[in-house]
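The values are calculated or read from the model by the stated rules, or taken from the named source; none is laboratory data. Values in this document were obtained by computation on a predicted structure and should not be read as measured data. Backbone-built Cβ (ideal geometry, glycine too); neighbour counts: all protein chains shown.
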Amino acid sequence: MRILLFTGKGGVGKSTVSAGTAAMSAAHGLRTLVLSTDAAHSLADAFGLSNGRSEGVLGSEPVQVTEHLYVQHVDTQRRFEQSWAEVQGYLLSVLDTIGVDRIAAEELTILPGAEEVFALLELRRMALSGEWDTIVVDCAPTAETLRLLALPEALGWYLERILPVQRKMVKALKPVLTKAAGVPMPGDSVFDALVRLHDELAEVRVLLSGPEASVRIVLTPERVVLAEARRSWTTLSLYGYRVDGVVANRIFPAGGSDDWRAGWVKAQDDVLADVEASFDGLPVWRSSYRPTEPVGVEDLREVAEAAYAGSGRFDPLAVPESAAPFRTETDGATTVVHLALPGLAQWVGREQVQLGRNGADLAITVGAYRRLLTLPAALARMDVSGARVEGGELRVTFSRQTTNTESE
């Protein structure tokens, strides 16, 4: 099963490109789902389903729009009620004990980032259903998408390390803590719900970092948009997600005699040359403006087919052939961890890359983004003996600890 996530700066046309790609996939006879995690939910508009949101044409379950093609908007409220009910019930009981108004309490017990979390859980549910050959995800703008994709590992770190300790402590001291704090302590059902959340997010992480999943960046040929797209590539690689290509959208076709249009064509050509250089090694597909707005399955499919027509050897629906962003090489007593960080030489300074270690965790910071990488047991027993940035990668060398007997 192929999973394709589309992201990019707001307003670059992600929904059009993702919907078009899904329509093209369905036209190839592949059972395809296009799923929106963006709160704006533009898919109903893109497919020409008038009043889709108000009349329920698109809802929380996949809706067929043509042969082999289904569309779904993630209903985060429903997923919230299914996955967070136990935890919310406990939190409401605590707030009720201390006299917080019920309506205010319900607002306070909503998990920060809930929409992102439950969008991931819905993607997991659809992927594990076995019903689809292709799942296309119309993601939120870049910043929200990066937060979305960082969540499984970040929450996993907390739930693996902190939660078990808290659970044991509460179980052993529950009567004392309840009396001392004056509020009820969480029961097993609350902790079980958190463990389920951790397990489900771990499955999401495996799905999205696996060989059949990739992220595709959509941009327009503008300097500000290109700068954000470059940073996105680096950050997505930092979190272990494979970027398989770039779609340059809303390009002015050459031709015409007016100076205004000629100026835009020249400016876009200059930026497109930088796009090709910035994403060297990745396919850059180009999508030009059309005479009319593409709305409906056929228009969207035509947009995608025209954009991908010049891809040469790159099949836009195939599993990407590029190496995973994270890999290891072992030579005797030494293991080198390779973490791809494309763009380090061009737009990320080496001084922005920081490395730290705490036990089995390797903390990697690139600019404003940080990843806590839990080391496998084999690496956790080794010492970090070196690190360098080379060839667009962060390479961390681990060496086996030398015992006194071995050193003699």
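Condition check ((1) assigned by TED's automatic domain parsing to the domain that holds residue 69; (2) surrounded by 13 or more Cβ atoms within 10 Å (Cβ to Cβ)) across all residues:
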| position | (1), (2) |
| --- | --- |
| 249 | yes, yes |
| 313 | yes, no |
| 331 | no, no |
| 353 | no, yes |
Item to check | Index of the failed condition, residue 165 passing every other in (1) assigned to a helix (DSSP H, G or I); (2) farther than 20 Å from residue 247 by Cα; (3) at pLDDT 70 or above | outcome: (3)
Item to check | Selection count where residues are surrounded by 14 or more Cβ atoms within 10 Å (Cβ to Cβ) and touching a Phe, Trp or Tyr at 6+ places or on another chain (Cβ under 9 Å), scope the range 288-303 | outcome: 5
Next on the checklist: I'm trying to understand the selection: among the residues of the range 126-154, which are assigned to a helix (DSSP H, G or I) and modelled with pLDDT of 90 or more?
Outcome noted: 126, 127, 128
Checklist outcome for this item: Residue set 309, 277; condition exposed (fewer than 13 other Cβ atoms within 10 Å of the Cβ), modelled with pLDDT of 80 or more, among the aliphatic types (A, V, I, L, M) and farther than 30 Å from residue 47 by Cβ; output residue 277
Checklist entry - Can you pull out the helices (runs of 4 or more DSSP H) entirely within the range 18-102 that have at least 1 residues that are modelled with pLDDT under 65 and hydroxyl-bearing (Ser, Thr, Tyr)? => result 52-55, 76-83, 85-97
Checklist entry - When you scan the range 208-222, how many residues do you find that are over 11 Å from the mean Cα position of the chain (by Cα) and modelled with pLDDT under 95? => result 3
Next on the checklist: Based on this model, can you work out whether residue 320 counts as out of contact with any helix residue (DSSP H, G or I) (no Cβ under 6 Å at 6 or more places or on another chain) and assigned to a loop (DSSP other than H, G, I, E, B)?
Outcome noted: yes
Next on the checklist: Only one of 247, 265 is in a strand (DSSP E or B) and β-branched (Val, Ile, Thr). Can you tell me which?
Outcome noted: 247
Checklist entry - Give me the pairs: first residue in the range 252-271 and of a type outside the set (A, V, I, L, M, F, W, C) and modelled with pLDDT of 90 or more, second residue surrounded by 14 or more Cβ atoms within 10 Å (Cβ to Cβ) and not in a loop (DSSP other than H, G, I, E, B), beta-carbon distance under 8 Å, and six or more apart or on different chains, which are they? => result 268/251
